[in-house]
Amino acid sequence: LRCYEKVRGRYKKKNLHNSKRYFQITVMNILFLILLCYNNNNNGLHRESIRFYSRRRLSSSLLLKNRQLLSSDPKTVAHKVPKFQKQEINYLDYDASHYRPSLIESNAIQNKNFNSNSGCVIWKSNFTTNNFYSSTKLGLWKEEFDNFVKLRQRTKNIILPDIRKLMNSDYSNHEEICSKYTDVVPGEAMSLKQYFPNSYKLLSYSEKLGYMEPLVPPLRHYGFCIPGDEGKHYIGNLDYILHDFGHMCRHSIQHSTKTVFIDMGANYNFNKDMDTVDEYAPTIRLINTYRRHGIHFDHIYAYELTPIDTERVYKTTPTYIHAALHWINTGVNAEINHLHNPFTMIKERYTADDFVVIKLDIDTVHVELPLVLQLLKDEELHKIVNVFYFEHHVDMEEMYPYWGKWDTATTKLSTITESLQIFSELRRAGIASHYWI
């Protein structure tokens, strides 16, 4: 009753009690506010949980419409109130366009030095132009990120259960599950930025998918720029990618969400002459990264142009992906609406309520770049695709020994700056985009 009086008093202060339609229009909002008040008084909900539920349960557009109706002349309100109809309510309500690039990322994109073909220029001690290293506090971010990677190793070999199966359909334990299973150290209930006490503002942030690593050359792990053989050990290192799984759980995963992994350029075995599982294959490591945070894929669509015997595919892939694996032994096609363009299938089968992850690495510039541009321009895909990994083959001298030197007369390669701009725009479109190896 105290809670009711408190809520009732709040509405009286706003002069909303005069309307004859007051009860019909605001009853659900009042009941929900009473529930929040009751739980808050009894410490039944965590402060973050209250904020989370209030943002998702109450549609800002509906509240605005209610305020307009209730502030109108009571005599004219009746014909303005729409009939109650079944509506699709997006529980996971966020502004996908809200993206805040870090200072490091913004300066990297604006820095004209990256129009050259060196990806390691900002990591060299003799780099003084624009004083990039010190002005962006790149060293501070690197130091705290290295410490974070060591902390993350604590859960390296722990595979968690599918969090969707643990969630109640009414979302009553959503925050509990996300905190227990998907935060950096499950159970500590710490947001990712708390692990970067002095440099969290140097991380990029998306309202849709949380914190991410800043986009910065060499478009892969910064350890790759260490001179000599030591740097070569980082060519296949994925530790530079920052996933905010806690944020993903709270904003993009619910009880009924379908989880999908689209793999364009599916190479799961680098042991060419052995019919054994290669757990170090990058895609397998990535899938396991999601499994360690309770995100298990329902479907894995694997596109690969190189002919591979299906029996060998299943011998050389882990058994835990077999039920989800759709082996498609054909190349992808960049033509819009083409049958072998994966985006065609994605738009036909999945919606914004699903969790879709895409990896693109087919080593064919004239096919992969049009696919990226389609993803960048298609607003329907912006709503469906959550995470995107792409090895962008740009003109970068440090990668010549691995990619070979492209024939620029026949192949137009992007510059490093152009690549950074593309990835940043994808993030602004609501897609958490990361460089692949």
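The values are calculated or read from the model by the stated rules, or taken from the named source; none is laboratory data. Since the structure is predicted, the reported quantities are computational estimates derived from the model, not experimental observations. Positions of Cβ are generated from backbone atoms using ideal geometry, with glycine treated the same way; all protein chains shown enter the neighbour counts. Calculation scope for accessible area: heavy atoms of the full protein, side chains included, ligands and nucleic acids excluded. Shrake-Rupley method; radii C 1.70, N 1.55, O 1.52, S 1.80 Å.
For region 197-218, a tally of residues being in contact with an Asp or Glu (Cβ under 8 Å, 6 or more places away or on another chain) and open to solvent by 10 Å² or more (accessible area, probe 1.4 Å) returns 5. Against the numbered list (1) among the hydroxyl-bearing types (Ser, Thr, Tyr); (2) open to solvent by 60 Å² or more (accessible area, probe 1.4 Å); (3) within 17 Å of ILE431 (Cβ to Cβ), TYR389 comes up short only at (2). Per the conditions (1) in a loop (DSSP other than H, G, I, E, B); (2) under 24 Å from the mean Cα position of the chain (by Cα); (3) in contact (Cβ under 8 Å) with a residue 60 or more places away in the chain, the sole criterion not satisfied by ASP395 is (2). Mind listing whichever residues of region 236-268 are open to solvent by less than 20 Å² (accessible area, probe 1.4 Å) and either more than 18 Å from the chain's Cα centre (by Cα) or under 23 Å from GLY331 (Cβ atoms) (or both)? Result: GLY236, VAL260, PHE261, ILE262, ASP263, MET264, GLY265, ALA266, TYR268.
Looking at LEU381, LEU420, LEU376, LEU413, can you tell me which residue is open to solvent by 10 Å² or more (accessible area, probe 1.4 Å) and in a helix (DSSP H, G or I)? Just a single option satisfies the conditions, and that option is LEU376.
Note on region 147-253: enclosed helices (runs of 4 or more DSSP H) holding 3 or more residues that are more than 27 Å from PRO282 (Cβ to Cβ) and in contact (Cβ under 8 Å) with a residue 60 or more places away in the chain are 174-181. Among the residues making up region 269-327, a single one is touching a Gly at 6+ places or on another chain (Cβ under 7 Å) and open to solvent by 30 Å² or more (accessible area, probe 1.4 Å): LEU305. Note on region 219-236: residues that are closer than 27 Å to HIS247 by Cα and of a type outside the set (Gly, Ala, Ser) amount to 4. All of (1) among the aromatic types (Phe, Trp, Tyr); (2) within 25 Å of the chain's Cα centre (by Cα); (3) farther than 20 Å from ILE384 by Cα hold for TYR314 with one exception: (2).
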